[in-house]
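Report on one structure; see the data block that follows.
The values are calculated or read from the model by the stated rules, or taken from the named source; none is laboratory data. Since we're looking at a predicted model, the values are computed, not measured. Cβ: placed from backbone, ideal geometry, glycine included. Neighbour counts: every protein chain shown. Calculation scope for accessible area: heavy atoms of the full protein, side chains included, ligands and nucleic acids excluded. Shrake-Rupley method; radii C 1.70, N 1.55, O 1.52, S 1.80 Å.
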Amino acid sequence: MLGLVEILVPIFVLGVLCAYASVQEWIVSIGPGNLCLIVVFLTILMVGQGVNESRKLFPFVRWSMYTEVYEKSPISNGKFQAVHSDGTTSWINPAASYVSLSRNNHERVLLIMNKISQQNLSRNVTRVFEEYMRALGNRYQSSVTNKDLVEVRAILEHIQIINGKRSIQHVVVKSLFMVAENHGPGNG
Amino acid sequence: MKKVESQLLHANAHPRTLILVVKFMFTMWFFRYLFDPITQLSELPIEYSSPVSFLGWLPLPIYIGLHSFSGLFLLKLVLLTSCISTWYSKYRRGSAFIACTSIALVNGVTRGFGHINHAEVAPLIVTGLLTLFLYRLSKYQVQFPSLQPCKTSSTALVLATLVFALTYSFVGTARIVHGGIGLLGGETITNSMIRMSHHDWLLEYNYSQWMVASPMMLLMLKLGTAVVTIFELAAPFCLVSDRFRQAWLMLMPAFHLGAILVFKIDFIENMLTMILFLNLTGWLSGQRLIDKARFGPIASDGALPSIG
């Protein structure tokens, strides 16, 4: 029902637009061929909005952002941590490692990490995610030459706001050991 | 009270306006992808990619080849070259088609490795629309665009602007229909801001702590969301109301900049595509962008003089 209302409101807006004399004059002037194209395009757009199969209908996706009431706490994020041979750790920024994915990788990573933590992920998909972590680790290692990377950790970051103060908890959901390569002189 | 006649934006568009917008859009895409290292994606396991719409129709060897280093390198090279070629009138139509296809492929590849986000999508649809209408113009009109109003140019620009505006309208509608008052009354906006500000992004900053610590800033965030949602829903009226369009063009870029700072979400291509909301036809024909002479001063009873 709400999906139908979602389509009807923009159609109503279009209807109000068509009530303007200038719009009506223009519609009459452009001819049936152009009018047909307009109707077809707008229909495709409406179908994309109503059907909610954004992956299949891309680029005619469903346009909805921040529509869900999101009261739950803590808030979670997926992060990656590098563990070096000297025991130190640092955060890996996947957005900086794979710049092309900087806008749209975090949701998928969070989804996968949540499923791993709930033990709700097939072995095959887990293996693929490990390969992703390995690629991330390799890219990280290529940018950090003074330390050897021995482990990449997938971490769920839980953020809670209590009395205006932020409390963060990290939970390791997956650990991947990398093969360390020696970078020093004289090593084969 | 005298009535003010509203004129439909781009109603008198001519081929030169259409070509200007086409060149602008493809220049935008050129710079968007010039430094984008998409060939790095060849390092990722192909199984990590979930095919997106048309990419799912490709035979597997071609799909794998597309995601290889040489495949992505070639794709980027074709994209950049064809975008630049749209500046040359002789090759404009073919270049636009190739560029548009390349841009769609790149967007498909990146979304295959991630989730279906909305950045770049509206500009991509607009670019596709404009490319389609280039083929409805004659070859001569594409090569030597005139300043004579024509139905095809007008339809192209009105439809592109309407489609672009409708994407905002859909967002605003969905937010009101599904979220409603609950979105603004509770902690949704705050929690969304905290979550988004903590995710990894190109630039490492985080203003959410500062925002959360200030009740005034949180209130402004919620009120701002409400105002922006209304403007999103009403976006198509930019086509018929100069004043609303002016207000929209002041608010929405500011909103997008705020979203970059607070939510780490950038819609830079959308901000640039707002060129569609400018009266380019009037500008190209020597008129001022905002024709104050047509409206004149507002009378004390609030009535506006009719257009002479």
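Does B:Glu232 satisfy the criteria of being at the interface with chain A (Cβ under 10 Å from one of its Cβ atoms) and open to solvent by 20 Å² or more (accessible area, probe 1.4 Å)? Answer is no for this residue.
When you scan segment A:75-82, do you find a residue that is basic (Lys, Arg) and more than 9 Å from chain B (Cβ to nearest Cβ), even just one? No: zero hits. Checking the structure you have, find out if any residue of segment B:69-89 is more than 10 Å from chain A (Cβ to nearest Cβ), open to solvent by 40 Å² or more (accessible area, probe 1.4 Å) and not in a helix (DSSP H, G or I). The answer is yes, given that some residue of segment B:69-89 is more than 10 Å from chain A (Cβ to nearest Cβ), open to solvent by 40 Å² or more (accessible area, probe 1.4 Å) and not in a helix (DSSP H, G or I).
If you go through segment A:139-154 and keep only what is within 11 Å of chain B (Cβ to nearest Cβ) and buried (at least 17 other Cβ atoms within 10 Å of the Cβ), you end up with just A:Arg139. The single condition from (1) open to solvent by less than 10 Å² (accessible area, probe 1.4 Å); (2) outside any helix (DSSP H, G or I) that B:Gln7 fails is (1). Counting just the residues of segment A:15-61 that are open to solvent by 40 Å² or more (accessible area, probe 1.4 Å), in contact (Cβ under 8 Å) with a residue 12 or more places away in the chain and under 19 Å from the mean Cα position of the chain (by Cα), which one comes out nearest to the other protein chains (Cβ to nearest Cβ)? Step by step, filter segment A:15-61, then rank; the result is A:Phe60. Selection of segment B:190-215 for residues being at pLDDT below 75, within 7 Å of another protein chain (Cβ to nearest Cβ) and open to solvent by less than 40 Å² (accessible area, probe 1.4 Å) yields only B:Val212.
Filter segment B:49-63 down to the residues that are of a type outside the set (A, V, I, L, M, F, W, C) and more than 14 Å from chain A (Cβ to nearest Cβ) and list them by number. The answer is B:Pro59, B:Pro61, B:Tyr63. Is it the case that some residue within segment B:250-268 is assigned to a helix (DSSP H, G or I) and in contact with a Cys (Cβ under 9 Å, 6 or more places away or on another chain)? The answer is no, given that none of the residues of segment B:250-268 is assigned to a helix (DSSP H, G or I) and in contact with a Cys (Cβ under 9 Å, 6 or more places away or on another chain). Counting only strands (runs of 3 or more DSSP E) that fall entirely inside segment A:81-188 and contain at least 2 residues that are touching an Asp or Glu at 6+ places or on another chain (Cβ under 8 Å), the qualifying elements are A:165-177.
Going by what's in this entry, would B:Thr110 be described as assigned to a helix (DSSP H, G or I) and away from chain A (no Cβ under 14 Å)? For B:Thr110, the condition - assigned to a helix (DSSP H, G or I) and away from chain A (no Cβ under 14 Å) - is not met.
Please go through segment B:21-68 and give me each residue that is of a type in the set (S, T, N, Q) and either buried (at least 18 other Cβ atoms within 10 Å of the Cβ) or more than 21 Å from A:Leu136 (Cα to Cα) (or both), ordered by number.
Residues satisfying the conditions are B:Thr27, B:Ser49, B:Ser53.
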